[in-house]
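Visitor: Below: one structure in structure tokens.
The values are calculated or read from the model by the stated rules, or taken from the named source; none is laboratory data. Computed from a predicted model, the values in this text were never measured in an experiment. Counting neighbours? That spans all protein chains shown, and the Cβs are built from the backbone with ideal geometry, glycine included.
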Amino acid sequence: MIQDDKVGIGYGPGKLLFNGPGIKDMTGLRFGRLLVIGRSKSVKYPCGTSRATWNCLCDCGNKKIICGSSIRSGMTRSCGCLTKENTSNRNALLIGPLSPSWGKKRSAQHKAAISLAHKGKKESPEVLEKLSKIRKAWTGNKNPFFGKHHSEELKRRMRNRYISPETRIKISLARRGSLNPGWAGGILNKGYGSGFNTKLKEQIYFRDFGNCQICGEPINAGRRAIHHIDYDKNNNAHSNLILLCKSCHAQTNFSRPTWMIYFYADQNIARFNMAHSEMRQ
């Protein structure tokens, strides 16, 4: 379940007090999972401006020094544990065939990036044992490439790969319309209902505290997207709308049934309905 800890406005034993010129004393106030326990030194940026930082204690027990403006605006709600939990909860609902990446193959560049990220990383004995079994299952004649070799001509072409304009046009035509893996019957060309206006978008933005409900990251005005859970652009009910960043919103255009299962999970629907009822009161 995506967590929606209270953010943005500090609450606690006292009001925000000024501690020096332009500095607000936030000691003892709580922001999301963070409890401000004291002032830290100011940080000066290359542009010449400086920002006050504060020592914060997270509900998970970790301590972290955080910029005061980030705390008050709601951009930082925890030491980082909240984003990890949201990601873990989302991944728990998207395993096996329900995963958007199920059955897809990684590109050579993606594999290289993964290899670089794990370079020098030590694995546990359990993981090493699993990797050993996987390697044994792909050794010798069990490997699909066993006994095969690339020709010198193919190697040369792979090193100096060039896609001509004619080939690019052929690739484009081969993936256009209903031939595209992301084709959804042309519903993307349908317009939104008249009620899907700026006022409604602002309501959903503030209801979800300005944070993406998939990755948990704060969203500014230029990156926000209001997503229709059932993909019906005319269904503008608050319970059918959710705030996402543009990056996560692009992912929801693939494996649509999977995302509907995720958003309509009991714990998420309960949160949406509760926020919707609170807004109507």
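Visitor: Determine, yes or no, whether GLY74 is of a type outside the set (Val, Ile, Thr), at positive phi and at pLDDT 90 or above.
Guide: On the way: of a type outside the set (Val, Ile, Thr): yes; at positive phi: yes; at pLDDT 90 or above: no.
No; evaluated as a whole, the condition is false for this residue.
Visitor: Separate question: Taking the stretch 244-259, which residues are crowded, with 18+ Cβ neighbours inside 10 Å and of a type outside the set (Ser, Thr, Tyr)? Steps first, answer last, please.
Guide: The initial filter retains those residues of the stretch 244-259 that are crowded, with 18+ Cβ neighbours inside 10 Å, namely 244-245, 248-249, 252, 255, 259.
Across the stretch 244-259, the qualifying residues are LEU244, CYS245, CYS248, HIS249, TRP259.
Visitor: I'd like the full set of residues that are under 36 Å from the mean Cα position of the chain (by Cα) and in a helix (DSSP H, G or I), limited to the stretch 152-175. Reasoning before the result, please.
Guide: Quick first cut of the stretch 152-175, residues under 36 Å from the mean Cα position of the chain (by Cα) only: 158-165, 167-175.
Answer for the stretch 152-175, where residues must be under 36 Å from the mean Cα position of the chain (by Cα) and in a helix (DSSP H, G or I): MET158, ARG159, PRO165, THR167, ARG168, ILE169, LYS170, ILE171, SER172, LEU173, ALA174.
Visitor: Would you check if GLY140 is over 22 Å from the mean Cα position of the chain (by Cα) and outside the structural domain of LYS24 (by TED's automatic domain parsing)?
Guide: On the way: over 22 Å from the mean Cα position of the chain (by Cα): yes; outside the structural domain of LYS24 (by TED's automatic domain parsing): yes.
Here the answer is yes, as GLY140 does meet what is asked.
Visitor: Quick check on my filter: what residues within the stretch 229-252 are within 17 Å of the chain's Cα centre (by Cα) and not aliphatic (A, V, I, L, M)?
Guide: If the condition is that a residue be within 17 Å of the chain's Cα centre (by Cα) and not aliphatic (A, V, I, L, M), then CYS245, LYS246, SER247, CYS248, HIS249, GLN251, THR252 are the ones that fit.
Visitor: Right, something else. Here's a check for you: in the stretch 197-243, which residue that is in a helix (DSSP H, G or I) and among the aliphatic types (A, V, I, L, M) is surrounded by the fewest Cβ atoms within 10 Å (Cβ to Cβ)? Please lay out each step first, then the result.
Guide: First pass over the stretch 197-243, keeping only residues in a helix (DSSP H, G or I): 198-207, 238-240.
Next cut, among the aliphatic types (A, V, I, L, M) only: 200, 204.
Details: LEU200: 15, ILE204: 20.
Filtering the stretch 197-243 for residues that are in a helix (DSSP H, G or I) and among the aliphatic types (A, V, I, L, M), the one surrounded by the fewest Cβ atoms within 10 Å (Cβ to Cβ) comes out as LEU200.
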